[in-house]
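Beneath this line is the structure, given in structure tokens, with notes to follow.
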Amino acid sequence: MLTTPLNDEHVSLAATFTDFGGWNMPVRYGSDLDEHHAVRNSAGLFDISHMGELRIVGEEATKFLDKVLVSDISKLSVGQAKYTMICSQDAGIIDDLIVYKMDTEDYLVVANASNRHAVLVAMQDMADYGFKVDIFDETEDWALVAIQGPKAKDILGMLVDVDLGELKYYSIAKANLEGVPVLLARTGYTGEDGFEIFIPVLECVSIWRKLLAAGGTDLLPCGLAARDTLRLEAGMPLYGHELARTLTPFEANLGRVVAFDKGDFNSKTELLKVSSQPLEIKLFGIKGEGKRAARADYEIFLPGGENAIGKVTSGVLSPTLGYPIAMAYLKADLDLGTGTKLEADVRGTRVPYEVVKLPFYKAER
Amino acid sequence: MANPENLQYTKEHEWVLVDGDVATVGITQYAADALGEIVYVDLPKPGSSTSYMKICGEIESTKSVGELYAPMDGEVIEANSALGASPEAINQDPYGAGWLIKIKYTQLPELLTAAEYAAITGE
């Protein structure tokens with residue numbers, strides 16, 4: 001199994017580990033609920049070095065990314081980030097990505113750990129059509145650490161030479177962190193303000209320790225358990241749950257990332273076709289009563305209904321809200337407006353649920 | 001964490017404290033740690049009967065659902081109602097405040113000693 005360059009830090013912090021996308025990753029250090037609440041109320045530090053970093057450079061880098069991704073990359077300015085997707089010829093989602101424009105023809109693309117190779121292959125296939133572009137897998141060159149929560153800016157601000165107030169949401173800048181050149185992005189996967197820090201591998205242990213020391217009791221190291229409950233409350237999809245090769249961006253409620261007006265691109269023909277047809281299933285947010293959470297793969301029914309109208313993709317008892325929340329793919333032709341009553345089959349018992357708007361939780365800004 | 005010597009154990013990571021014809025049952029620290037932070041418990045109601053190694057309740061953490069196996073035949077005489085409001089007691093004090101149910105048993109199966117249980121969990 002792959003380990004991140006911060007693995008020894010996690011071991012010394014007595015983390016519990018799990019296999020995630022082939023990586024040995026910390027699930028929690030102490031209490032995952034404490035870690036969750038730390039990010040909502042103070043700050044949390046995550047090692048997300050399992051994420052794939054792909055570098056796309058060359059005189060046709062922009063043109064190439066516009067061909068291989070679904071969004072309009074030519075509209076990005078240097079320092080800007082964009083949430084986007086790479087889709088297959090049949091409109092299925094290969095991965096969801098963040099593209100950072102580092103320079104005029106220099107992009108950093110962050111992919112999910114489990115999809116890194118699929119993204120590389122899809123990109124290489126497209127590059128073989130003669131684009132003047134080089135694709136480098138820099139995953140093992142970077143440690144990636146996320147500091148998230150309302151106090152993240154103040155803690156990180158103590159250690160960097162840039163004014164974090166100037167770094168806008170979904171942008172990236174070079175910075176000096178205690179003498180180490182890093183990339184600072186104001187992005188995250190928790191629904192809170194925060195930063196993702198790309199650190200050269202050799203320097204990452206000292207920076208991880210310096211961040212924890214600077215944060216003191218305001219900053220908890222957080223594992224994947226808290227990361228999952230945080231992103232779910234924020235209504236953010238997770239590949240393998242809400243996103244898959246067999247699903248389209250439109251079913252996932254992410255049609256907005258597809259830019260049909262940008263000219264031809266790899267998956268355009270099929271994406272246009274599916275966007276013009278009625279959807280069979282669509283992603284919904286639902287909330288339940290009581291404390292019993294419907295989890296992934298549990299079936300959803302109309303009240304008293306015999307046949308399932310869909311399935312949960314992620315579900316948990318929301319630590320922030322105190323009631324069960326879930327995302328579920330449900331039949332799209334049932335007019336399931338906000339407030340529509342549903343039932344979840346929770347291990348043989350029908351539990352009341354209802355349709356709600358996503359996200360479940362939104363930070364005050 | 002050491003498993004208390006005065007308790008007996010099952011392979012399903014439960015502990016049992018026998019006192020006369022009543023057994024108090026909980027889950028071990030090992031099981032609580034493996035489940036993660038416990039957020040909900042569904043325990044059998046007093047008066048319901050239990051059958052050896054049949055599922056009689058559920059213990060849910062943020063990340064997973066664990067099943068509670070009845071360690072013996074008998075009748076539930078009390079369930080720890082305090083866990084409804086504070087299920088985290090199972091993580092914090094599994095052998096004390098985190099106890100789950102009391103069973104008036106009809107037959108005691110063979111149970112494990114602390115050392116035998118420790119051998120199962122590799123501790």
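The values are calculated or read from the model by the stated rules, or taken from the named source; none is laboratory data. The structure presented is a predicted model; accordingly, all values stated were derived computationally and were not measured. Cβ sites come from the backbone with ideal geometry, for glycine too, and all protein chains shown count toward neighbours.
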Inset, instruction - For the stretch A:220-229, indicate whether the set of residues that are within 14 Å of chain B (Cβ to nearest Cβ) and in contact with a Lys or Arg (Cβ under 6 Å, 6 or more places away or on another chain) is non-empty. - result: yes
Inset, instruction - Residues being within 14 Å of chain B (Cβ to nearest Cβ) and outside any loop (DSSP other than H, G, I, E, B): count how many of those fall in the stretch A:230-259. - result: 4
Inset, instruction - Go through the stretch A:230-269 and give me each residue that's of a type in the set (Ser, Thr, Tyr) and either more than 28 Å from A:Gly44 (Cβ to Cβ) or touching a Lys or Arg at 6+ places or on another chain (Cβ under 8 Å) (or both). - result: A:Thr246, A:Thr248, A:Ser267, A:Thr269
Inset, instruction - Scan (1) closer than 30 Å to A:Gly315 by Cα; (2) free of Cβ contacts under 8 Å to residues at least 12 places away in the same chain for the single condition B:Tyr69 breaks and write down its number. - result: (2)
Legend entry - Single residue of the stretch A:324-335 satisfying the filter (under 23 Å from the mean Cα position of the chain (by Cα) and away from every other protein chain (no Cβ under 11 Å)) that is farthest from A:Ile281 (Cα to Cα): A:Ile325
Inset, instruction - Please go through the stretch A:30-50 and pick out each residue that is crowded, with 20+ Cβ neighbours inside 10 Å and of a type in the set (Ser, Thr, Tyr). - result: A:Ser49
Inset, instruction - Could you please let me know if A:Lys291 is under 30 Å from A:Asp345 (Cα atoms), outside any helix (DSSP H, G or I) and either more than 14 Å from chain B (Cβ to nearest Cβ) or of a type in the set (A, V, I, L, M, F, W, C) (or both)? - result: no
Inset, instruction - Return the total of residues in the stretch A:328-365 being over 24 Å from A:Gln148 (Cβ atoms), part of a strand (DSSP E or B) and not hydroxyl-bearing (Ser, Thr, Tyr). - result: 14
Legend entry - Verdict on B:Val16 being in contact (Cβ under 8 Å) with a residue 60 or more places away in the chain and closer than 20 Å to B:Met72 by Cα: yes
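Each row is one residue, and each column tells you yes or no for (1) under 23 Å from A:Phe20 (Cα atoms); (2) among the β-branched types (Val, Ile, Thr); (3) part of a strand (DSSP E or B).
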{"site": "A:Glu270", "(1), (2), (3)": "no, no, no"}
{"site": "A:Ser275", "(1), (2), (3)": "no, no, no"}
{"site": "A:Leu279", "(1), (2), (3)": "no, no, no"}
{"site": "A:Glu306", "(1), (2), (3)": "no, no, no"}
{"site": "A:Val312", "(1), (2), (3)": "yes, yes, yes"}
{"site": "A:Ala326", "(1), (2), (3)": "yes, no, yes"}
Inset, instruction - For B:Gly47, indicate whether it is assigned to a loop (DSSP other than H, G, I, E, B) and either more than 11 Å from chain A (Cβ to nearest Cβ) or under 15 Å from the mean Cα position of the chain (by Cα) (or both). - result: yes
Legend entry - Lone unmet requirement of (1) under 23 Å from A:Leu224 (Cβ atoms); (2) modelled with pLDDT under 95; (3) within 14 Å of chain B (Cβ to nearest Cβ) for A:Ala363: (3)
Legend entry - Boolean, B:Ser64 is touching a helix residue (DSSP H, G or I) at 6+ places or on another chain (Cβ under 7 Å) and more than 18 Å from B:Asn6 (Cβ to Cβ): yes
Inset, instruction - Just name the residue that is modelled with the highest pLDDT out of those in the stretch B:31-44 that are assigned to a helix (DSSP H, G or I) and within 12 Å of another protein chain (Cβ to nearest Cβ). - result: B:Ala32
Inset, instruction - Could you please let me know if B:Pro4 is free of Cβ contacts under 8 Å to residues at least 60 places away in the same chain, away from chain A (no Cβ under 12 Å) and of a type outside the set (S, T, N, Q)? - result: no
Legend entry - Candidate set: the stretch A:179-219, residues that are of a type in the set (D, E, K, R) and assigned to a helix (DSSP H, G or I); chosen: the one surrounded by the fewest Cβ atoms within 10 Å (Cβ to Cβ): A:Arg209
